[in-house]
Amino acid sequence: MFRIDARNEIADLIARYAHGADRKNDPAMMLPLFHEDAVWSAEGFATFHGASAIAAGLAEIAAREVLWSIHYMIAPYITLAQDARSAQCRWYLWELSTMARDIGEEDRWLGGWYDSVARYEDNAWKFASVKLDLRVQGVATPPWELKKAFDR
């Protein structure tokens, strides 16, 4: 595998993760992105072990808390191993969301970064680990006006 192909495929993996996240962490979209022994974690949310647990756990978080979202995955920095079969990845997150709260819906923005490890096995790049490190968040003022345009 050429290194440039590996980088492009990892960038696609990150984009597919964002797409699945914006579809309420659809398990059918998220499950194929993770190795069976993968770990996903985010302080304040959860830690999940294994592809099935990750897909189910992320979907449950979305069903309970995230009514709508759009994830901007920005500036992926991919460092390939010498053999180009694994990579360290970091990218920034800028997310607009509508969250379920005790007081009703609340439009929020979040920012931080993801650190991950991707591995190439069985002719596919998948995540071996994903860690979300949220650094900033706040209430959107005024609330989002055009969010229905993104609900597809």
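Taken together, the values in this text are just the output of simple stated rules run on the coordinates, not laboratory data. Quick caveat, the model's predicted, so the values are computed rather than measured. Heads up, the Cβs are rebuilt from the backbone with ideal geometry, glycines too, and the neighbour counts pull from every protein chain shown.
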TODO: Compute the acute angle (0 to 90°) between the alpha-carbon long axis of helix 3-21 and the principal axis of greatest extent of the alpha-carbon atoms of the chain; round to the nearest 10°.
DONE: 30 degrees
Open item on the list: Counting other beta carbons within 10 Å of each residue's own, what order do 58, 13 fall into, fewest first?
Closed with: 13, 58
Open item on the list: Give me a comma-separated list of calculated 3J(HN,Hα) values for the stretch 81-97, in order, Karplus coefficients 6.51, -1.76, 1.60 applied at θ = phi - 60°, integers in Hz, x for any Gly or Pro.
Closed with: 5, 3, 7, 6, 10, 8, 7, 8, 9, 9, 8, 8, 10, 10, 10, 9, 8
- [ ] Could you calculate the contour length gain from residue 134 to residue 28, that is, 0.36 nm times the residue separation minus the distance between their Cα atoms, to one decimal place in nm?
- [x] 35.6 nm
- [ ] Pull up all non-local amide H partners of residue 99: gap of 5 or more, or a different chain, and H-to-H distance under 5 Å with H placed in the peptide plane.
- [x] 67, 106, 107, 108
Open item on the list: Just to be sure I understand: with springs between alpha-carbon atoms less than 10 Å apart, which residue in 74, 61, 103 has the highest mean-square fluctuation in the Gaussian network model of the chain?
Closed with: 103
Open item on the list: For the chain, take the longest principal axis of its alpha carbons; what is the angle in degrees between that and the long axis of helix 51-65, to the nearest 10 within 0 to 90?
Closed with: 10 degrees
